[in-house]
Amino acid sequence: MNSNDLVKNILKHDIDEQDRILKSTEVIKPCPVDIDLGNLLVWDSNIIDQQAYKANRDEYIKNTMRDNMQLFVNALWQVPIERHDNTIVAKLPESKTIVPREKPVPKPKPLTKWQKFAQSKGIVKQKKSKFVWDETKKEWGRRFGYKKANDDSKPWLIEVPTNADPNEDQFAKRLSAKKERVAKNEFQRLKNIAHANKVNVRNDGALINKKSSANDMKKALATAKYSDASMGQFSERATVDEERQTRGFSKRRKYESNLGSLKNEKNKQLKIFDQMNSSTTK
Amino acid sequence: MVKLQRIQRPKTHRGKRALKEREPKLIENARSLLCIRGNKINNIMKILLKNLHLLKSPYSTMYQKKNLDIYPFDNTSKLEWYCQKSDCSLFAYITHSKKRPNNLILARLHNNIVMDMFEFELNNQTFRSLDDFKCIKFAPGNKPCLIFHGELFDNESEYKRLKCFFIDFFRGETNMKEIDLNGLEHVITFTLDIQTKLLSIRVFRIEFKKSGHRIPRIELNEIGPRLDLIIRRTKLASDDFYKKTLKQPTAIKEKKIKNVTTNELGTKMGRIHMEKQDFNQLQTRKMKGLKRNLTIDNEQTQGKRKKIDSTN
């Protein structure tokens, strides 16, 4: 009985060992692995075991990657955890690897005249309700837009004020006042845009202090090169460096030879005629 | 010829919103992939392109037609134009010819100008597509884990750039602050062998198994395309251009709050730095506690209190 028990114990011990290895989250690597949690990135700088790699590439890759993934998860589970409703969420730290941006950094837009004033006075924008009570119609209508509440843009009656000329057209006066307000708003909006683009404008619309930039000069140079009798065919093209787009600068017109096949020429000319005749636009 | 760049004025609110999406932002959108076919392709490359498109969906657009006369290593302007139209900053271009069989070109753009471009040859014998693995894949749009293995990724500059390129390519959402622990679904691995210079890309699904304690045990199941690539040609951005693209906006950086600390009891302590004060010039007329009359007031109130006490 004793020997039986012994055997059973040894077998049980063996099974437990195997179980432990299967379930273990321990990974031992010769060189520590670089983990960047912010990007969910693992960089394993260990040497590839050439024997195992050549023997069965896919198995080897699967096993090493399982180990690397285990290390990553071990690190991820150390990170502080928050609870959002039913989900457990881990707060990721900043990413270590700097990755190039897709587009250049946006330039901060300069503040408009109103924004500067509001900032200095401490005026904060109040959120307004979408619907307003219309007393005359006794229902809720939009604050602005289609069928707005308290709409007095098309009045059927306007009282002539006591100090006004009785022959004056009050309706036309209202319309022109509205037009003036719209025009003033548009003018101020354009002034804001001009200031944002560092273009100083006088009240009558003329430009002040306009200095040509390097960009203007490049454009002028390219136009000049294009403006000769041969349309820039024989002069050096405007130099473009790798950071500017090459679109529009690389096309050169190809000329057919004078002594080519007559058949090709005939076909080309007929094709042009067909295109001119066709009712569909290209 | 100078092409006039007309400023697009959106006519609808929807159009305005779409244009705003495409503007440069502080925290950027995920890089979108543009899948294009070349003039001559074979079936395997077609399947590969479809697989790349599925791996990157929804951040991916597929152009269905063949495109003539595109030679990326000579002239990238047409591809740049397509990427600008679809608002993509990555493209994958496939061709197949006698001179360059099973050709795959991957590139990334900055500000619609090609930055880095890599041309690979795909080993068509070992290629397995998504369809060859019959199992659950992952939810589209999920952020993958990335694992790189191979000393070459750190030793040679070309492969360093390649590693950065693949991080950029497959990263998905930029600047993710939190992650659902059950949301880790798939991992993309890159193994680069020194001797054969073979880059093996495998995609696995992550399975969490019980391990007896808090941290789960990981098992991997292969799901995705199995690619073995060899680099043919590369066109890398110059160091200056590359440095420009790495610039991060200062607005994102966390601002350090100075002179504010929390002591062990949890109270917030602040530190104020004062300039030197001339004590002879201090304003004392407005400080009630310094008034001489206050002591007489105290006696009066004490007197009142005594009266109340005595009546009780």
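Bear in mind that the values in this text are calculations on the coordinates, not laboratory data. Because the structure is predicted, anything quoted here is derived from the model rather than measured. A quick note on method: Cβ atoms are made from the backbone with ideal geometry, for glycine too, and the neighbour counts reach across all protein chains shown.
Here are the numbers for the structure shown:
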read-out: Computed E for residue A:59/residue A:97 - FRET, C-beta separation, R0 30 angstrom, nearest 0.05; value: 0.55
read-out: Residue A:257-residue A:273 pseudo-label distance in nm [points 7 Å out on the Cα-to-Cβ vector]; value: 2.6
read-out: Spin-label model distance (nm) - residue A:6 vs residue A:215, 7 Å beyond Cα toward Cβ; value: 9.1
read-out: Residue A:121-residue B:236 pseudo-label distance in nm [points 7 Å out on the Cα-to-Cβ vector]; value: 5.8
read-out: Per-residue Cβ neighbour rank within 10 angstrom, fewest leading, A:43, A:140; value: A:140, A:43
read-out: Sites residue A:230 and residue B:142 - FRET efficiency at Förster radius 60 Å, r taken between beta-carbons, to 0.05; value: 0.55
read-out: In segment A:161-200, the trypsin sites (Lys or Arg not before Pro) that fall in loop regions by DSSP, at most 15 other Cβ within 10 Å; value: A:198
read-out: Calculated FRET value between residue A:88 and residue B:213, using beta carbons and R₀ = 22 Å, to 0.05; value: 0.85
read-out: Column: log10 I(q)/I(0), Debye, Cα scatterers of chain A, q = 0.07 Å⁻¹; value: -0.87
read-out: Kirkwood estimate for segment A:16-148, i.e. one over the average of 1/r between Cα atoms, Å; value: 22.1
read-out: All Cα pairs of segment B:30-245, percent lying beyond 32 Å; value: 16
read-out: Stretch gain in nm, segment residue B:62-residue B:25, where the contour uses 0.36 nm per residue and the Cα spacing is subtracted; value: 10.8 nm
read-out: Beta bridges per DSSP with both ends in the protein assembly as shown, % antiparallel, nearest 5; value: 75
read-out: Scattering profile of segment B:96-217 at q = 0.22 Å⁻¹ [log10 I(q)/I(0), Debye over alpha-carbon scatterers]; value: -1.48
read-out: Choice from B:68, B:152, B:290 with maximal GNM fluctuation in chain B (Cα, 10 Å cutoff); value: B:290
read-out: Chain A - mean residue ellipticity at 222 nm from DSSP helices (-39,500 (n - 2.57) per run, n ≥ 4, rounded to 500); value: -13500 deg cm²/dmol
read-out: For segment A:1-76: Kirkwood Rh in Å [reciprocal of mean 1/r, alpha carbons]; value: 15.1
read-out: Exposure proxy ranking, count of Cβ atoms within 10 Å, fewest first, for B:135, B:145; value: B:135, B:145
read-out: Ellipticity estimate at 222 nm from DSSP helix runs (n ≥ 4, -39,500 (n - 2.57)) divided over chain B, nearest 500; value: -7500 deg cm²/dmol
read-out: Directionally averaged projected area (convex hull, Cα atoms, the protein assembly as shown), nm²; value: 65.6
read-out: Taking all pairs of distinct alpha-carbon atoms in segment B:49-150, Kirkwood radius in angstrom; value: 15.5
read-out: Whole-number D in µm² s⁻¹ for segment B:159-235, Kirkwood Cα-pair radius fed into Stokes-Einstein, 37 °C, 0.692 mPa s; value: 220
read-out: Computed log₁₀ I(q)/I(0) - Debye formula, equal Cα scatterers, no solvent, segment A:130-225, q 0.20, 0.21, 0.24 Å⁻¹; value: -1.08, -1.10, -1.17
read-out: Top of B:31, B:292, B:271 by mean-square fluctuation, Gaussian network on chain B, Cα under 10 Å; value: B:292
read-out: Relative contact order [Cα under 8 Å, 6+ residues apart], chain A, whole percent; value: 8
read-out: Residues A:37, A:270, sorted so that the one with the fewest Cβ neighbours within 10 Å comes first; value: A:270, A:37
read-out: Fraction of beta bridges assigned by DSSP in segment B:30-245 that are antiparallel (%, nearest 5); value: 75
